[in-house]
1. Can you show me the helix-derived [θ] at 222 nm for the chain, built from DSSP H runs with n ≥ 4 at -39,500 (n - 2.57) apiece and divided by the number of residues, rounded to the nearest 500.
2. Identify which of L151, L34, L115 has the largest mean-square fluctuation in a Gaussian network model of the chain, with springs joining Cα atoms closer than 10 Å.
3. Between helix 155-175 and the chain, what is the angle of the helix's C-alpha long axis to the longest principal axis, kept within 0 to 90° and rounded to the nearest 10?
4. Can you tell me the 0 to 90 degree angle between the C-alpha axis of helix 119-134 and the longest principal axis of the chain, rounded to 10?
5. Amide H of V62: which non-local residues (sequence gap of 5 or more, or other chain) have their own amide H closer than 5 Å, using H built in the peptide plane?
6. If you filter segment 53-116 for GluC sites (Glu not before Pro), then keep DSSP loop positions with at most 16 other Cβ within 10 Å, what is left?
7. How much length would be gained if the chain were fully extended between I101 and D40, taking 0.36 nm per residue of separation minus their Cα-Cα distance, in nm to one decimal?
8. What is the gain in length, in nm to one decimal, between S251 and T6 on full extension, counting 0.36 nm per residue of separation less the C-alpha to C-alpha distance?
Amino acid sequence: MDLGLTGKVAVITGGSIGIGKAVAEAFAQEGVHLVLCARDGERVKQVAEAIGSTYSVRATGVRCDVTKPQDIAELVRTVEQNFGGADILINNAGTGSAEKIMDAPDEKWQYYWDLHVMAAVRISRALVPFMQKRGGGVILNNASICARQPLDYEPIYNVTKAALVMFSKCLANELIPYNIRVNCINPGLILTPDWYKTAGILSKDLGITPDEYLKQIAEKNTPIGRFATPQELAQFFVFLASPRASYCVGSTYYVDGGWLKVVI
Ligand code: NDP
């Protein structure tokens, strides 16, 4: 199936590893040019270069901490200089947290608010005018199943991801007249390097291997009984960003192996 994405330009935050990198590769396979950003500038540049040469697309890596407005300004400048704008924005950069509400300081709340919400607000605000000039665009926000079904150990993550879901809905309503489709994706368990790191630490206490730990988590939580690969999730991002998904707008889609326990 031709997804109609060839020659489009996508900006992906947190594009150097895990889900963001898998989405970048899946886009590149469709002939989409890329701007990837992350805090580790060397790594993101290397990843962009490798993807660009493997799939014969133009791919640029930019060092950018999306919690910092000045870094976002630099990212947007690069997008404008290299491509004159963008057609697709994937707000993906993010990470889990671990705290009790009673103990967590304001600074921690503020950091996650900037990372999961304000980054999407600021980058969308900066790139939408280019999308308007190009006649349309797509914005996909990567939230989490935790936006609706919280995990006990990470209230700040749950709250800020829930805010990202609502931001997506509000932005979708505002941008529909400009042929810009905004949607949100709530993934469940996706086996990224971050999970391997967590498993490496937590499995030791339980006296089991990291693989056994991951298997237990998947079997305990998901009806499907396993993690998804980042590539499985990436396919959904690519479809949703394509004109094939032209009637999909203002929604939040779960890709969670049946983990969400309620009907919505
Ligand atoms: P990874 O930790 O594997 O990758 C995170 C990416 O974001 C990296 O490229 C990292 O690069 C970048 N990043 C982190 N902080 C910043 C920052 N402040 N500014 C710019 N870039 C940043 O995470 P995942 O791939 O697992 O997760 C990606 C997204 O998916 C996150 O938003 C996460 O909440 C969400 N998600 C993940 C799930 C999972 O099971 N894996 C499930 C549900 C949602 P660098 O460190 O160099 O900045």
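1. Roughly -15000 deg cm²/dmol at 222 nm, from the helical runs in the chain.
2. Largest GNM mean-square fluctuation: L151.
3. 30
4. 30
5. Close amide H contacts, sequence-distant or interchain: L36, C37, A38.
6. Numbers: sites: E74, E80, E99, E107; in loops: E99.
Answer by residue number: E99.
7. Taking I101 through D40 to full extension adds about 19.0 nm, to one decimal.
8. In short, 85.7 nm is gained.
Throughout, read-outs are computed from the coordinates displayed, never taken from laboratory work. Note that this is a predicted model, so its numbers are computed, not measured. Quick reminder, even Gly has a Cβ in these numbers, built from the backbone with ideal geometry, and neighbours come from all protein chains shown.
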